[in-house]
Amino acid sequence: MFSILAKSLTTGILTEAVPFDRRVPFGFPVIDFARCTMCDECARSCPTGAIQATTPEPGRRTLALSYAACIQCRECVSACPEQAMVAGTHGEVAAYTRGQLQQSASFDVDASSGTCTLRQVDVQPGPGIEDGAARLRARIHGQLGRSLHVRQVDAGSCNGCELEIAATSNPVYDLERFGIHMVASPRHADALLVTGPVTRNMEIALRRTYEATPEPRVVVAVGACGCSGGIFGEGTYAALGGVDRIVPVDVYVPGCPPTPSAILNGLLVAMGKRAARTSSPR
């Protein structure tokens, strides 16, 4: 007994007072559109199609990067000859829509030389962060209070996200100090934390779990697979794709897998305690 007490005193408190804003070595890639020449090497190297280079009309090209589908493999960083694509060190990204997880820009193409010049960085259409936050707050206003009871659903994950979710309850992150508790039944839950591309065998189970969760229920999609289907894609023979193909999603937490602090941040966003972060990772 004395040895246990002595070890506890020697170890001290492991819980981080502020587990957010940590620099990570595998953050999301960031595009410096001013340096981009639209060579398309990054798009060709991306295994999930997170980077799309298109020609919407003659004399115009667009480049878009979606964090919803990004698995942070850095193939695009290695492939970019202009070093316009760099590896970010910020991994805590959460958003209310898929569109908020996308960066895009349009370029003018010189007809004689084929040179591309940046025209503008595009703003994604649809509701902004403030609108998404306001709608979510209005739906759960006065219901969740200071706590959030979460039921985790594996809809077809590789278990990478599950390992990170389990880490949120360790002494370092200690999610329960924020009033977040994991529960065994969806009937006791305020929120569903869903991982993996929704496999065809899990579609009915996910729908029933969603229906069993009392209103005002909140759905948080975790990981690239949960946000967009990830490496498995959408509408394949085995998987239907992102969680929002089956049930409505309120908060997206991209990453492959997202860090425990990113998942914790996403849950706090669902509680309305933190602003969604959609700025370019630093």
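The values are calculated or read from the model by the stated rules, or taken from the named source; none is laboratory data. Since this is a predicted model, take the numbers as computed values, not measurements. Cβ atoms come from the backbone with ideal geometry, glycine included; neighbour counts cover every protein chain shown. The protein model used for the area step is the full one, side chains on, heavy atoms only, and it has no ligands, DNA or RNA in it. Shrake-Rupley method; radii C 1.70, N 1.55, O 1.52, S 1.80 Å.
Sub-8 Å Cβ pairs linking a first residue in segment 90-111 that is without any contact (Cβ under 8 Å) to a residue 40 or more places away in the chain to a second residue that is of a type outside the set (Lys, Arg) and open to solvent by 10 Å² or more (accessible area, probe 1.4 Å), at least 6 apart or interchain, are Gly99/Gln124; Gly99/Pro125; Gly99/Gly126; Gln102/Ala64; Gln102/Ser66; Gln102/Gln124; Asp110/Cys116; Asp110/Thr117, ordered by first then second residue.
Among all positions in segment 18-25, there is at least one residue which is at pLDDT below 90 and outside any loop (DSSP other than H, G, I, E, B).
With respect to Ser169, determine if the residue is assigned to a loop (DSSP other than H, G, I, E, B) and crowded, with 19+ Cβ neighbours inside 10 Å. Steps first, please.
On the way: assigned to a loop (DSSP other than H, G, I, E, B): yes; crowded, with 19+ Cβ neighbours inside 10 Å: no.
No: the conditions fail for Ser169.
Scanning segment 64-84 for residues that are open to solvent by 10 Å² or more (accessible area, probe 1.4 Å) and part of a strand (DSSP E or B) returns Ala64, Ser66.
Residues in segment 205-228 that are at pLDDT below 95 and in a loop (DSSP other than H, G, I, E, B) were compared, and the one that is nearest to Gln152 (Cα to Cα) is Arg217.
In the set Thr15, Thr54, Thr37, only one residue is over 20 Å from the mean Cα position of the chain (by Cα), closer than 21 Å to Glu234 by Cβ and open to solvent by 40 Å² or more (accessible area, probe 1.4 Å); that residue is Thr54. Do you know which residues across segment 172-198 are touching a residue at least 40 places away in the same chain (Cβ under 8 Å), in a loop (DSSP other than H, G, I, E, B) and under 30 Å from Ala239 (Cα atoms)? Passing the criteria: Ala189, Asp190, Gly196, Pro197. Residues of segment 229-249 that are under 17 Å from the mean Cα position of the chain (by Cα) and open to solvent by 10 Å² or more (accessible area, probe 1.4 Å): Ile231, Phe232, Gly233, Glu234, Asp244, Arg245, Pro248, Val249. Filtered by the rule that a residue be in contact with a strand residue (DSSP E or B) (Cβ under 8 Å, 6 or more places away or on another chain) and open to solvent by 40 Å² or more (accessible area, probe 1.4 Å), segment 88-114 gives Thr89, Arg98, Gln102, Asp108, Val109, Asp110.
Being among the acidic types (Asp, Glu) and modelled with pLDDT under 90 is not true of Asp110.
Looking for something open to solvent by 40 Å² or more (accessible area, probe 1.4 Å) and β-branched (Val, Ile, Thr) - is there at least one such residue anywhere in segment 250-258? Taking every residue of segment 250-258 in turn, none turns out to be open to solvent by 40 Å² or more (accessible area, probe 1.4 Å) and β-branched (Val, Ile, Thr).
Selection over segment 235-282 of residues that are of a type in the set (D, E, K, R) and modelled with pLDDT under 90 gives a count of 4.
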